[in-house]
Amino acid sequence: MNTSGFDPTKPNMIYLDNNATTAVAPEVFEAMRPFLTNQCGNPSSAHASGVDARRAIEHARLQVAEFLGASGRDEIVFTSCGSESDNWAIGGFLEQNPTRRHIITTRVEHEAVRNLCEHLSEIGCEVTWLEVNSLGELDSGELRKALRRDTGIVSVMMANNETGVLFPIEDIGHIVRENSDAIFHVDGVQAIGKIPIDLKALPVDLFSISGHKFYAPKGIGALYIRRGVTLPPFIIGGGQEDGRRSGTEAVPNIVALGRASELSNVFTGHDQIRGLRDRLEDEILARFSCARLNGTQDRGKRLPNTANISFDGFEGSEILMRLDGAGICVSTGSACNSGSEKVSAVLAAMKIPHAIARGSIRFSLGRYNTQDDIDQTLTALSKILS
Ligand code: PLP
């Protein structure tokens with residue numbers, strides 16, 4: 001029963017910014033509610049309330065492990081967000097392996113990886129930045145050439161947050177395994193909940209996720225650490241999370257992440273989201289001659305919910321503000337870039353001309369969007385672009 005009093009299927013806006021964050025699903029809110037109210041125990045406490053909290057955490061860990069196709073719940077460590085998971089994976093590995101300071105990553109990673117790697121290169125690591133082509137695609141052959149004896153870690157995202165372009169993680173993982181001793185970290189933050197993931201079948205050592213991208217609240221994430229791979233603790237303290245990440249666990253958020261994972265595991269509406277995105281994209285490209293798609297046209301190689309479109313001759317920020325005025329939420333580039341004048345590093349890496357990149361809008365759909373949302377967005381865009 002949803003007693004929360006909110007219903008994301010009837011929002012007071014048209015929300016097409018689901019790559020920035022998602023609404024908390026009512027079922028998720030209901031699952032966390034007891035742990036925000038009367039079930040207040042600290043999971044480290046020996047009394048019944050503490051034991052209940054501990055049990056809830058371990059249940060959530062199992063839900064996340066099942067959703068990701070992990071071999072067991074010992075492979076899941078809860079963190080506070082995707083950025084933390086990314087920082088721990090890369091920074092932790094380097095701390096533990098100071099002689100293997102060559103990192104390989106891509107030019108189009110989220111800032112959590114990109115800025116960290118830039119920082120690491122300033123303090124003595126060597127970073128090889130893999131380029132993408134004008135469609136946002138990665139050439140795995142370049143990775144093969146870049147691998148070296150001292151390569152410690154390769155970090156590649158599964159899906160790009162701005163364009164939705166998918167990278168061939170399975171192929172990349174095999175190349176890393178067959179040609180080096182490097183650890184393979186994947187930023188799965190945008191992929192999770194949008195495409196199927198089975199980590200048992202993927203040659204991946206570390207995998208970052210974030211709850212607020214798939215209907216759990218902000219402030220919770222996880223790092224999958226394959227059995228046999230070790231990282232130094234991210235936070236040293238009372239030994240929580242098996243000594244790997246101390247600090248009293250965020251029980252309501254962890255329960256929420258577990259429930260969101262369980263819901264995503266049985267979610268059957270992917271085709272509907274894909275259909276709405278396809279229609280929005282097709283109609284925009286057909287109706288407005290100034291519109292051009294950023295990222296591959298091959299929809300099988302993009303997330304099913306994302307369309308990144310430039311409106312040549314327009315400022316993305318201007319379109320965003322006017323859509324916002326019409327009650328429609330979108331973004332220009334990544335959410336973290338909004339408000340800044342810089343053009344998106346992702347579009348720059350794709351060598352999209354500056355004038356066109358400035359007119360880019362990211363539409364990212366989610367579970368609660370309807371045909372009516374698409375119709376209203378098209379009508380609003382017609383007014384703005386005319
Ligand atoms: N990685 C990717 C690909 C993202 O899109 C984001 C957020 O947009 C992050 C990492 C950071 O996640 P969080 O906001 O949970 O720190």
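The values are calculated or read from the model by the stated rules, or taken from the named source; none is laboratory data. What you are looking at is a predicted structure, and each value in this text was computed from that prediction instead of being measured. Cβ sites come from the backbone with ideal geometry, for glycine too, and all protein chains shown count toward neighbours. For accessibility, only protein heavy atoms count, side chains too; no ligands or nucleic acids. Shrake-Rupley method; radii C 1.70, N 1.55, O 1.52, S 1.80 Å.
Before moving on, here are some points about what is shown:
- Verdict on ALA286 being of a type in the set (A, V, I, L, M) and either at positive phi or buried (at least 16 other Cβ atoms within 10 Å of the Cβ) (or both): no
- Yes/no for ARG226 being in contact with an Asp or Glu (Cβ under 7 Å, 6 or more places away or on another chain), over 22 Å from PHE93 (Cα atoms) and open to solvent by 10 Å² or more (accessible area, probe 1.4 Å): no
- The single condition among (1) within 17 Å of the chain's Cα centre (by Cα); (2) under 25 Å from VAL165 (Cα atoms) that ILE104 does not satisfy is (1).
- Residues (under 30 Å from LEU276 (Cβ atoms), modelled with pLDDT of 95 or more and of a type in the set (S, T, N, Q)) located in region 11-51: ASN18, ASN19, THR21, THR22
- As a summary of the residue check, GLY82 satisfies the conditions (1) within 16 Å of PHE207 (Cβ to Cβ); (2) away from the ligand (no atom under 12 Å from the Cβ); (3) crowded, with 24+ Cβ neighbours inside 10 Å; (4) among the small types (Gly, Ala, Ser) except for the one numbered (2).
- Residue check for GLU162: within 16 Å of the ligand (Cβ to nearest atom), touching a Cys at 6+ places or on another chain (Cβ under 6 Å) and either open to solvent by 20 Å² or more (accessible area, probe 1.4 Å) or closer than 22 Å to THR306 by Cβ (or both): no
- Any hit, region 181-203, residues being closer than 21 Å to ALA60 by Cα, free of Cβ contacts under 8 Å to residues at least 40 places away in the same chain and more than 16 Å from the ligand (Cβ to nearest atom): yes
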